[in-house]
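The structure under discussion appears below in the form of structure tokens.
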């Protein structure tokens, strides 16, 4: 029995991902994983080098994107930061899905780009129009469903899951993660409850931002460059654990 990472960031998640594509496939091959997905933030810059490297390494490349989704319309520019966007993991299942991902990425920049958050955003209208050939995972702790659950809105979380299933059908999955963050135990229990009640399958991911555990400090420096902060700044944005790497099947279990 093998494991496949379906939520992975590369160097093309600019100033946020620290995994080099070649290293990602070398690690996946070392761990005897048959495939690995690329889901960079809002873009597909790495899709072609990722595909070619995967073919060369003999590990199946799954091309995807972690989309930024506007809470309402992609044309809105909400005043409140918490209303700017949420995350959704998307993976192409073939040529049609790949073309639709390219369309979503392009429209995110040309129609949904928000200059304050500097994010290319899509919306449910675009997701509905270009859902063919795409698998959707509910996302990380910055997803719409996770935000609702962490705010104590269980009924809203269930509605969100049902709405996404309406868009993607049986290609929609509830995504659970465990990097040792304080909020995750309760959140995963609620996600599993919704998955059970709506009969939506669960999928475990690790939201990798670097390839090996000991890359965590280098990734932390990358975040400092992104945010213009010093390592000594205790109030800066940082990952609270060193668990965001390409783990083995045994570690994921």
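The values are calculated or read from the model by the stated rules, or taken from the named source; none is laboratory data. None of the values given here were measured: they were computed from a predicted structure. Glycine also receives a Cβ, built like all others from the backbone with ideal geometry; neighbour counts cover every protein chain displayed.
Note on segment 120-139: residues that are over 12 Å from residue 164 (Cβ atoms) and surrounded by fewer than 20 Cβ atoms within 10 Å (Cβ to Cβ) total 4. If you take the residues of segment 63-81 that are in contact (Cβ under 8 Å) with a residue 12 or more places away in the chain, outside any strand (DSSP E or B) and in contact with a helix residue (DSSP H, G or I) (Cβ under 9 Å, 6 or more places away or on another chain), which of them is surrounded by the fewest Cβ atoms within 10 Å (Cβ to Cβ)? Restricting to residues being in contact (Cβ under 8 Å) with a residue 12 or more places away in the chain, outside any strand (DSSP E or B) and in contact with a helix residue (DSSP H, G or I) (Cβ under 9 Å, 6 or more places away or on another chain), the top hit is 72.
Every test in (1) in contact with a helix residue (DSSP H, G or I) (Cβ under 8 Å, 6 or more places away or on another chain); (2) touching a residue at least 40 places away in the same chain (Cβ under 8 Å); (3) outside any loop (DSSP other than H, G, I, E, B); (4) more than 19 Å from residue 176 (Cβ to Cβ) is passed by residue 107 save one, and that test is (2). Selection of segment 63-84 for residues being over 12 Å from residue 44 (Cβ atoms) and under 13 Å from the mean Cα position of the chain (by Cα) yields 68, 69.
When segment 82-113 is limited to residues that are surrounded by 16 or more Cβ atoms within 10 Å (Cβ to Cβ) and under 21 Å from residue 156 (Cβ atoms), the one that is modelled with the lowest pLDDT turns out to be 84. Contact map, segment 1-27: first residue closer than 18 Å to residue 238 by Cβ, second residue in a helix (DSSP H, G or I), Cβ cut-off under 6 Å, separation 6 or more or different chains; pairs are 15/222; 15/225; 15/226; 18/215; 18/218; 18/219; 18/222. With a requirement of 3 or more residues that are exposed (fewer than 14 other Cβ atoms within 10 Å of the Cβ) and at pLDDT below 95, the helices (runs of 4 or more DSSP H) lying completely within segment 164-253 that satisfy it span 216-227. Can you say whether residue 50 is crowded, with 21+ Cβ neighbours inside 10 Å, within 17 Å of the chain's Cα centre (by Cα), modelled with pLDDT of 95 or more and not in a loop (DSSP other than H, G, I, E, B), as far as the supplied structure shows? Yes: the conditions hold for residue 50. The single condition from (1) over 25 Å from residue 216 (Cβ atoms); (2) within 19 Å of the chain's Cα centre (by Cα) that residue 13 fails is (1). The residues of segment 114-138 that are farther than 16 Å from residue 13 by Cα, assigned to a loop (DSSP other than H, G, I, E, B) and at pLDDT 95 or above, listed by number, are 123, 130, 131, 132, 133, 138. Count of segment 7-30 residues, restricted to those that are in a loop (DSSP other than H, G, I, E, B) and touching a strand residue (DSSP E or B) at 6+ places or on another chain (Cβ under 9 Å), is 10.
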